[in-house]
Amino acid sequence: MRAVLIATLCLALSAPLMAQTSDNEPATRDDVILYLRTMHSHDMLQRTLEVQSQSMQRLFKDQTLRNKTAVPPDFDARMKRMMEDYVKNMPMDEITQAMIPTYQKHFTRGDMQAMNAFYSSPVGQKVIEELPAVLQEGMQAATPILSQYLSEFKDRMQEELKNAGSTPAPATSSPK
């Protein structure tokens, strides 16, 4: 009787340690695949690319106009077709497969289980559903800022390159 009590006590006390060991193990390929399915990652990647392509279209057009380059009358239609082709031909499955080892490197089995629990919940599903719209609206708000920044950056780079030929590069100090 005493041996059974000791064995039961040892098992009860070591169970949390065994669970922690399992939780701290690297995520398996199956853990990551389950997470990616829970996240609807294929659909999310597709929708994210669609949102990005719309933002890229606006950014390209703004940049073209800013450079005072003539924009053909069918520019928007051409860009839309090119971006649709870009999204349609994106190798989604290959990208997903390539990402699995990165998830395994950065997340444990316990992490993956917790993320799956969250994204399976109603709030997690809402995040998954709303994120593309949030990204799209956020990119729309950020596009003018990004466009201005890229224009200024391009001007600085051109100035830097123009000056590079006329002035010597600053001397670098050698370590002592």
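Readers should treat all values here as calculations from the given coordinates under stated rules, not as data from a laboratory. This structure is a prediction, so every number in the text was calculated from the model and none was measured. Using ideal geometry, Cβ is built from the backbone for each residue, glycine included, and neighbour counts are taken over all protein chains shown.
Taken along the Cα-to-beta-carbon direction at a fixed 7 Å, the label points for LYS105 and ALA164 span 3.0 nm. Contact order for the stretch 35-154, expressed relative to its length and based on alpha carbon pairs under 8 Å spaced 6+ residues apart, stands at 47 percent. Residues PHE107, PHE118, arranged from fewest to most other Cβ atoms within 10 angstrom of their Cβ, appear as PHE118, PHE107. Were the residues from ALA142 through GLU129 laid out at 0.36 nm apart, the gain over their Cα-Cα distance would be 2.6 nm.
Among GLY138, SER151, TYR119, whose Cα sits farthest toward the positive end of the charge dipole of the stretch 35-154 (+1 at Cβ of Lys/Arg, -1 at Cβ of Asp/Glu, about the Cα centre)? Checking the options against the dipole of the stretch 35-154, the answer is SER151. Extension gain for LYS154 to ARG66 (0.36 nm times residue separation, less C-alpha to C-alpha distance): 30.5 nm. Suppose the chain between GLN46 and TYR86 were pulled fully straight at 0.36 nm per residue; how much longer would it get relative to their current alpha carbon spacing? Stretched out fully, the GLN46 to TYR86 stretch lengthens by 13.3 nm. Neighbours of THR64, meaning other residues whose beta-carbon lies under 13 angstrom from its beta-carbon, give a summed charge of +4 when Lys and Arg score +1 and Asp and Glu score -1.
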